[in-house]
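**Student:** Have a look at the structure that comes next, please.
The values are calculated or read from the model by the stated rules, or taken from the named source; none is laboratory data. Values in this document were obtained by computation on a predicted structure and should not be read as measured data. All Cβ positions, even for glycine, are placed from backbone atoms using ideal geometry, and neighbour counts span all protein chains on display. In case anyone asks, the SASA skips ligands and DNA or RNA and just uses the protein heavy atoms, side chains included. Shrake-Rupley method; radii C 1.70, N 1.55, O 1.52, S 1.80 Å.
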Amino acid sequence: MFTHFDEIERSVHAPQDRRLFIGLKPYVFVVIGIIFLTTIGAAWAQYLVYGLPEDPSLTLLTATEVSVKGFPLWLILCHWINFFFLVILIRSGLSILFDHPRLYFNNGCTPGSEWLKFTPIPVPKDKLWTAKDDARYISPLISLPGYRHSVGIARGWHFIHLLFFILNGIVFIALLFASGQWARIIPASWHILPDAWSVFVHYATFNMPVEPDGFYHYNALQQFSYFGAIFILAPLAIISGVCMSPAIENRFHWLPKLFINRQGARSVHFLVMLAYVAYIVIHVTMVVKTGFVGNMNHITLGTDNPSGTTGLYIGVAIILFTAVFFVYAHWASWNTPRWVQGTDAFINGNLWRSTINKLKPRSYFKKKDISPFLWPNGKLPTSEVWKKLAKNKFKDYKLKIGGLVENPVELSLNDLKNLGKEQNITMHHCIQGWSGVAEWGGVPLKTIAGLVKPYSSASTVVFYSFGEGLYGGVYYDTHTLDNCLKPESILAWEMNYETLSEVYGAPLRLRVENQLGYKMVKWIERIEFVETHKTIGKGYGGKNEDDEYYDLLADV
């Protein structure tokens, strides 16, 4: 099963403990119970006390009286394209979720404060337990690409198709209004609410209402559901996803507050995914139950033929094509992962570079916002040089800064502190999904650049670590010089008003606040100004970019 992995990769991606676990906090069960009682329970109460309400479908216009009918070709194409992209987004999203299998409604992400978790392992208190340790295995049968620690490839699939999902939605909505088809989807009055409830009471109590021919009519509950899927769930998915971007959150801090905070946005993103899964399951079930052949003719051929099987064959072929695509996607994930990484960079890297990467971070957080806990991450250095420096409290540490600069230097911690200090309280955004607010104190990178005077040909800054990557080898990452010169970009020797600890990156760690956490190199050994990231390491911009197929630009 894991023949495409070598021994080291197998230990990372396919650990022995592959238990599936779902843990909900008790109050979540209370919320679920309330929702159940106010929907299913209320429907049954009405049925038992008052009987079935009148079926509003009985008053629908006849087929000859309907002004907007049928399914034009553009709608058929948008429907199936949306299905294809939505399944990809759900499957890749599950892989992303399992890299930090906990969901919160607080920015600090303290273990135990999550409302939902997918790991059976409690965070041990007697040893260092990093966010990487906490990641879980997920089967590739339900996710893309699946396994463990595959968030880089999963993000590639997710973001490659996200843009086309949005574009398809824009085309669909534009043509919906241009063609008059909007009248079938958008409620004409608030009366749809009691009508939809009446239909729901029928379904909930196992009394099937009159099923109108979808070629001409939707019942009130169908119309309400389609409207919600298009005009509520899709915008919620997009906006909540945007709110998880460090470049957005650190520039438009008000936006995540629409969902309480950044982690609230992540939780809502997950709940929207669940809503889409429920919608698909119910939708497909009703399509099959209410005349499978005729319904497939509606949505593949645009004809109202209850007996011809051509539409059925076309629909089944589309579903089989989607299944075959996922077989290919699994193969491509492990045999041509650079294609996934490169395609994502071509589509989204260029887009982010010309848009949100230009945003400049702003200070929003106060001392009271500092999280009581910040997940540690990365392997503590095993370098004997670092261990010796740490034993002496880094008194002998010298930061080497060179490359394409007029004035290469070696600076001790005292030298760096004499250059001036900037303090920022910012949110750390990990690619795995967790976050945390902390104070960081250190020297601005702008001051460093002014000291060493990089040549005009130097567009990239390389930060080398004493630590190692997931598969071994020196950890490093690169940033554009432009990002290093943005506000709140510092070399930090202080965290939460105390000397930076070894766990969190002593003697120095990087902070560039419009980027995800893996770009914030810890245990910095040296800095080099270069012409391009392509000449460093494997040429992809960092150790995680080289080995785990992460993004070069990490604005999202």
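**Student:** With only alpha-carbon pairs counted, each pair once and no self-pairs, how large is the Kirkwood hydrodynamic radius of the range 123-247 in angstroms? Mind showing how you got there, number by number?
**Tutor:** Working: mean 1/r = 0.0534 Å⁻¹.
Value: 18.7 Å, from the Cα pair sum.
**Student:** Here is a follow-up. Could you please state, rounded to a whole Å, how far the C-alpha centre of the range 53-113 is from the C-alpha centre of the range 145-175?
**Tutor:** 14 Å
**Student:** Would you mind checking the tilt of helix 151-179 against the longest principal axis of the Cα atoms of the chain, expressed as 0 to 90 degrees and rounded to 10?
**Tutor:** Approximately 40 degrees, to the nearest ten.
**Student:** Quick one: what does P(r) look like for the range 382-461 with 10 Å bins over all Cα pairs, in whole %?
**Tutor:** 15, 32, 39, 15
**Student:** How tilted is helix 262-289 with respect to the longest principal axis of the chain? Cα atoms for both, answer in degrees (0 to 90, nearest 10).
**Tutor:** The answer is roughly 30 degrees.
**Student:** Considering only protein heavy atoms, with the full assembly of protein chains and a 1.4 angstrom probe, order W352, W182 by accessible area, largest first.
**Tutor:** Values: W352 20, W182 105 Å².
Greatest to least solvent exposure: W182, W352.
**Student:** Could you work out the relative contact order of the chain? I mean the mean sequence separation of Cα pairs under 8 Å and 6+ apart, divided by the number of residues, in percent.
**Tutor:** On the way: 948 pairs, mean separation 85.9, N = 556.
Worked out over the chain, it gives 15 percent.
**Student:** Could you please report the charge total around N424, scoring K, R as +1 and D, E as -1 over all other residues with beta-carbon less than 10 angstrom from its beta-carbon?
**Tutor:** Values: positive: R511; negative: E422, E439, E488, E513.
Net charge in that neighbourhood comes out at -3.
**Student:** Tell me the volume per residue, in Å³, of the convex hull enclosing the alpha carbons of the range 424-556. Write out the running numbers ahead of the final one.
**Tutor:** Values: hull volume 13.2 nm³, N = 133.
Spread over its residues, the Cα hull of the range 424-556 gives 99 Å³ apiece.
**Student:** Run through the range 210-270 and list the chymotrypsin sites (Phe, Trp or Tyr not before Pro) located in a DSSP loop whose Cβ has at most 15 other Cβ atoms within 10 Å. Present the calculation step by step, with values, prior to reporting the outcome.
**Tutor:** Details: sites: F215, Y216, Y218, F224, Y226, F227, F231, F252, W254, F259, F270; in loops: F215, Y216, Y218, F252, W254.
Sites meeting the loop and neighbour criteria: W254.
**Student:** Could you compute how much accessible surface E494 exposes when probed at 1.4 Å, giving the result in Å² to the nearest 10?
**Tutor:** Answer for E494: close to 20 Å² accessible.
**Student:** Dividing the alpha-carbon radius of gyration of the range 313-397 by 2.2 N^0.38 Å (N being the number of residues), what value is obtained? Write down the numbers at each step before the final one.
**Tutor:** On the way: Rg = 23.8 Å, N = 85, 2.2 N^0.38 = 11.9 Å.
Output field value: 2.00.
**Student:** Taking K and R as +1 and D and E as -1, what net charge do the other residues with C-beta under 15 Å from the C-beta of A135 add up to?
**Tutor:** Numbers: positive: R18, R19, R102, K117, K132, R136, R148, R155, K379; negative: E9, D17, D99, E114, D133, D134, E548.
After counting each charged neighbour, the total is +2.
**Student:** In the neighborhood of F118, defined by Cβ-to-Cβ distances under 11 Å, what is the net charge if each Lys or Arg adds +1 and each Asp or Glu adds -1?
**Tutor:** On the way: positive: R19, R102, K117, R136; negative: D99, E114, D134.
Result for the local shell: +1.
**Student:** How tilted is helix 26-36 with respect to the longest principal axis of the chain? Cα atoms for both, answer in degrees (0 to 90, nearest 10).
**Tutor:** The angle comes out near 20 degrees.
**Student:** What is the range 443-556's relative contact order, in percent, from Cα pairs under 8 angstrom and six or more apart in sequence? Write down the numbers at each step before the final one.
**Tutor:** Values: 209 pairs, mean separation 34.0, N = 114.
So the answer I get is 30 percent.
**Student:** Find the eigenvalues of the gyration tensor of the Cα atoms of the range 84-149, then list the square roots of 5 times those eigenvalues as equivalent ellipsoid semi-axes, largest first, in whole angstrom. Before the final figure, lay out the partial values.
**Tutor:** On the way: eigenvalues 120, 40, 14 Å².
Taking √(5λ) for each Cα gyration eigenvalue gives 24, 14, 8 Å.
**Student:** Continuing with the same structure: Whenever you get a sec, compute what percent of the accessible area on the chain sits on carbon and sulfur atoms (1.4 Å probe).
**Tutor:** On the way: 16670 of 25620 Å².
Roughly 65 percent, rounded to a whole number.
**Student:** In addition: Limiting things to C-alpha atoms, what are the Rg and the maximum Cα-Cα separation (Dmax) for the range 1-111, in angstroms?
**Tutor:** Final numbers for Rg and Dmax: 24.2, 68 Å.
**Student:** Rounded if a/c is under 1.5, else prolate if a/b is larger than b/c, else oblate: which is the chain, with a ≥ b ≥ c the root eigenvalues of its Cα gyration tensor?
**Tutor:** Cα axes put the chain in the prolate bin.
**Student:** Counting only trypsin sites (Lys or Arg not before Pro) that sit in a DSSP loop (anything but H, G, I, E, B) with at most 11 other Cβ atoms within 10 Å, what is the longest stretch of the chain containing none of them? Don't skip to the answer; put the middle values down first.
**Tutor:** Details: sites that count: R19, K125, K127, K366, K395.
For trypsin sites (Lys or Arg not before Pro) (loop position, at most 11 other Cβ atoms within 10 Å), the longest site-free span of the chain is 128-365.
**Student:** Would you please state the base-10 log of I(q)/I(0) at q = 0.12, 0.18, 0.25 1/Å for the range 274-341, with intensities from the Debye formula using one equal scatterer on every alpha carbon?
**Tutor:** Here the Debye-derived log intensity ratios amount to -0.47, -0.77, -1.02.
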